[in-house]
Amino acid sequence: MVDLSAQYHKIKPAIDEAIQEVIDQTAFINGPAVGHFAQELATYLGANHVIPCANGTDALQIALMALDLQPGDEVITPSFTYIATTEVIALLGLTPVFVEVDPQTYCIDPAAIAAAITPRTKAIVPVHLYGQAANMNAIMELAAKHGLFVIEDNAQAIGSDYHLADGRKVKTGTIGHIGCTSFFPSKNLGCYGDGGALYTQDAELAKKIKMIANHGQEQKYVHDVVGCNSRLDTIQAAVLRIKLRQLDNYIDARRGVAAAYDAAFAQLPGVEIPFRASDSRHVFHQYTLKLTSLSRAALQAHLQAAGIPSMIYYPIPAHRQNMFSKFNLGHLHLPLTEALCEQVISLPIHTEMDEQQLDYIIQHVQSFFK
Ligand SMILES: *Cc1c(COP(=O)(O)O)cnc(C)c1O
């Protein structure tokens, strides 16, 4: 699905030098690279504050912890997402309220959010799925109207531009109260292990987030709130400083692959190519087809026989996962989400795909439909 080895070899001298420097300094925890990276990412995103942490799941958890919610408070989230988005809600004793996605973007549907708001609703967690931004203009309007927090799960869309209703162009993740990112190796900005970050424009929230990620302390050995221990390793920060300089090139490469796929697959019968919303720039963390009539399993087998990997993101909707059984969701039906889990298939997409690989994949996808 990705080729992280070829990507590394293009930047090997810089990466090797940066890692060696951390080792030479034995600055493994909170070394200088961590602060430098946080500043550079803040500049790139146009965020006032970036707080690095250990992984994207921690980022989501810490973001929710920073909102001072009470047990049983409701958090509205899509069911069609990676489990981490929804798991942290339940982990903190909050109630996940799963709602439907938009039929074009596969991101949370603002009309479904509006219908799910109750007096206990405290926050919305939209997910910019596959690199396509959710409808943030509508979501922020709803949030303002009802006094709700918005935490953007930006793990799949870092670097995506979004056009606000007021005409400004901003980065996804900087629109809600807090944005969360993962630097898992295969993400659009990935490190060489685990990593994550939160960003916010709000100084008060930034202060709280920093404390929570650091055992609830501001001053060493003085602990004001219950927190956790969630840090970005210096080696990972050193790697990310170098890769951040490539992020726009990486996005362009992904968009190039997506454009070639679009052209090749747009006319195939029973296939929907990814929608590109007019208010944002799709960064194609995944290139995902929807099969409306033909068998997905047969296509997967056809590709596998040719040595082409494919993945299903995601085969089971969150509201059907046993981990949420205590919320008694048996009666909850999200027809679009449930159908997508049966119909989507993601093809290889990455920064190092050459013409030959691309042609090979296109040819084998097309031959399935002949
Ligand atoms: C990857 C991902 C996460 C979690 O990130 P980790 O770093 O693996 O903890 C959360 N949400 C979404 C949508 C993701 O794709």
Quiz item: Could you give me the ³J(HN,Hα) list for the range 104-112, computed from phi with Karplus coefficients 6.51, -1.76, 1.60 and θ = phi - 60°, whole Hz, x at Gly and Pro?
Solution: 9, 8, 6, 9, 3, 8, x, 5, 5
Self-check item: Contour minus Cα-Cα distance for Gln104 and Ile11 (0.36 nm per residue)
Solution: 29.8 nm
Quiz item: Of Lys171/Lys243; Lys10/Lys171; Lys145/Lys210; Lys122/Lys208; Lys220/Lys243, which sit over 21 Å apart, Cα to Cα?
Solution: Lys10/Lys171; Lys145/Lys210; Lys220/Lys243
Self-check item: Alpha-carbon centroids, the range 25-43 and the range 299-370: separation in whole Å
Solution: 36 Å
Self-check item: Inter-site label distance for Ser278 and Glu141 at 7 Å from Cα along Cβ, in nm
Solution: 1.4 nm
Quiz prompt | Lys, Arg +1 and Asp, Glu -1 on Cβ, resulting dipole of the range 247-367 about Cα centre, debye, nearest 20 | solution = 520 debye
Quiz item: Under 5 Å between amide H atoms, partner at least 5 residues away or on a different chain: which partners does Phe149 have, H built in plane at 1.01 Å?
Solution: Ala123, Ile124
Quiz item: How long is the gain from Glu342 to Met323 if the chain were fully straight, where each residue apart is worth 0.36 nm and the alpha carbon distance is subtracted?
Solution: 4.8 nm
Exercise. Using per-residue counts of other Cβ atoms within 10 Å, averaged over each peptide, order 150-161, 333-344, 23-34 from highest down.
Key: 150-161, 333-344, 23-34
Quiz item: In the range 247-367, with Lys and Arg counted as +1 and Asp and Glu as -1 at Cβ, which of these residues, Val283, Leu332, His302, has the Cα nearest the positive end of the dipole, that is, farthest along it?
Solution: Leu332
Quiz item: Using θ = phi - 60° and the Karplus curve 6.51 cos²θ - 1.76 cosθ + 1.60, what whole-Hz ³J(HN,Hα) does each residue of the range 316-321 get, with Gly and Pro shown as x?
Solution: 10, x, 4, 5, 9, 7
Practice problem: Return, ordered by residue number, the residues of the range 226-249 whose backbone nitrogen is under 15 Å from a label point located 7 Å along Cα→Cβ of Lys169. | Solution: 248-249
Exercise. Give me the distance in nm between label points sitting 7 Å out from Cα along the Cα-to-Cβ direction at His36 and Ala306, one decimal.
Key: 4.5 nm
Exercise. Which order do the peptides 247-260, 170-183, 303-316 take when ranked by the mean count of other beta-carbon atoms within 10 Å per residue, highest first?
Key: 170-183, 247-260, 303-316
Exercise. Could you pull out every residue, at least 5 positions away or on a different chain, whose amide H is within less than 5 Å of the one on Tyr162? Hs are placed 1.01 Å off N in the peptide plane, and Pro or chain starts have none.
Key: Val170, Lys171, Thr172
Self-check item: DSSP bridge orientation in the chain - percent antiparallel, rounded to nearest 5
Solution: 65 percent
Exercise. Report the charge-dipole magnitude of the chain in Debye, nearest 20, computed about the Cα centre from +1 at each Lys and Arg Cβ and -1 at each Asp and Glu Cβ.
Key: 180 debye
Self-check item: For the range 220-230, Karplus couplings with θ = phi - 60° (6.51, -1.76, 1.60), whole Hz, Gly/Pro x
Solution: 4, 6, 10, 10, 8, 9, 6, x, 8, 10, 9
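FYI, it's all coordinate maths here, none of it is from the lab. Model, not experiment: these values are computed from the prediction. Neighbour counts run over all protein chains shown; Cβ positions are idealised from the backbone, glycine included.
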